[in-house]
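Undergrad: Handing you a structure now.
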Amino acid sequence: MYTPVIIITFLTLINSASAAKALNPNLNAMLKMAATNYDRHALLAEDSDWYYDFFSHKDYDSAVGAVITADAATFPAVTGMGISYALLKLGPCSMLPPHFHQRAHNAVMGISGNTTSWMINENGVRTVKVEIVPFRMTLFPQGSLHVMQNNGCEPALLISALNSDDSGTLNALNGLWQIPDDMKQAAYGDKTLNTTQLGSKIPPVGTGAVPGSFECRKRCGIEHGK
């Protein structure tokens, strides 16, 4: 059974797709130190310690969608196993913005809907575009920049597998806007660039999903959040 370490509600525990705060860091630490598989089982003593219920996550019914991840932070049983899974729920015309995973390769398979992905693996290589239709899988190598958009007017569902129990995620634009303004201006090659105005509408990480292209939203008659 999980050993309580801090008193905190589940709703604030996993407040965004970017959160890496562990549900039970004490249990994670003990699982890493367990000498044998027998010792691991003693720490995971209840049947409920051995499953993760995506459906019960607070963001499951988000209109824009969500990335719901079972990893060491949210599902301690996978600690040390080098694997995690995420349910990718994309609302109509929603997207996962440009991001990368620092510590894992990523395989994504479509379950429903029609999602397009773009992946850039490093400077100088071509952009890989894949239509992720149901039961088609694509790969995003570790550290590669990638983005996915649901092209349809109905929700899309995908499954994401990563070869780390702590894969990490960094949204490119959210990360870029944390560096000093003069560094952003230099990167853009324009010292007069109004970086405050340019970055003012970058969506927060939130659930992991954000509204997608204006073309899609116009076509589907969607205005997210209203």
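Undergrad: Give the residues of the stretch 149-167 whose amide nitrogen is closer than 18 Å to a point set 7 Å from the Cα of Q102 in the direction of its Cβ.
TA: It comes to 162-167, nothing else.
Undergrad: Carbon and sulfur: what percent of the chain's accessible surface (1.4 Å probe)?
TA: 60
Undergrad: Please give, to one decimal in nm, the separation of the simple spin-label points placed at A34 and F55, each 7 Å out from Cα toward the Cβ.
TA: 2.7
Undergrad: Tell me the mean residue ellipticity at 222 nm calculated for the chain from its helices only (DSSP H runs of n ≥ 4, each -39500 (n - 2.57), averaged over every residue, nearest 500).
TA: Computed mean residue ellipticity for the chain: -4500 deg cm²/dmol.
Undergrad: Another one. Classify the stretch 101-226 as rounded, prolate or oblate, taking a ≥ b ≥ c as the square roots of the eigenvalues of its Cα gyration tensor: rounded when a/c is under 1.5, otherwise prolate if a/b is larger than b/c and oblate if not.
TA: oblate
Undergrad: 7 Å from Cα along Cα→Cβ at both N26 and Q185: what's the point-to-point distance in nm?
TA: Spacing of the two 7 Å Cα→Cβ label points: 5.1 nm.
Undergrad: Let me ask another. Among the lysines, which have Cα under 27 Å from the Cα of K58 when same-chain residues fewer than 8 positions away are ignored?
TA: Answer for K58, where 27 Å is the Cα cut-off: K21, K89, K201, K226, listed by chain and number.
Undergrad: Please give the per residue accessible area of the stretch 55-184, computed with a probe of 1.4 Å over protein heavy atoms only, in Å².
TA: In whole numbers, the stretch 55-184 has 45 Å² accessible per residue.
The values are calculated or read from the model by the stated rules, or taken from the named source; none is laboratory data. Just so you know, these numbers come straight off a predicted model, no measurement behind them. Every residue, glycine as well, gets a Cβ built from its backbone with ideal geometry; the counts of neighbours run over all protein chains shown. Just the protein is used for accessible areas: all its heavy atoms, side chains included, with ligands, DNA and RNA removed. Shrake-Rupley method; radii C 1.70, N 1.55, O 1.52, S 1.80 Å.
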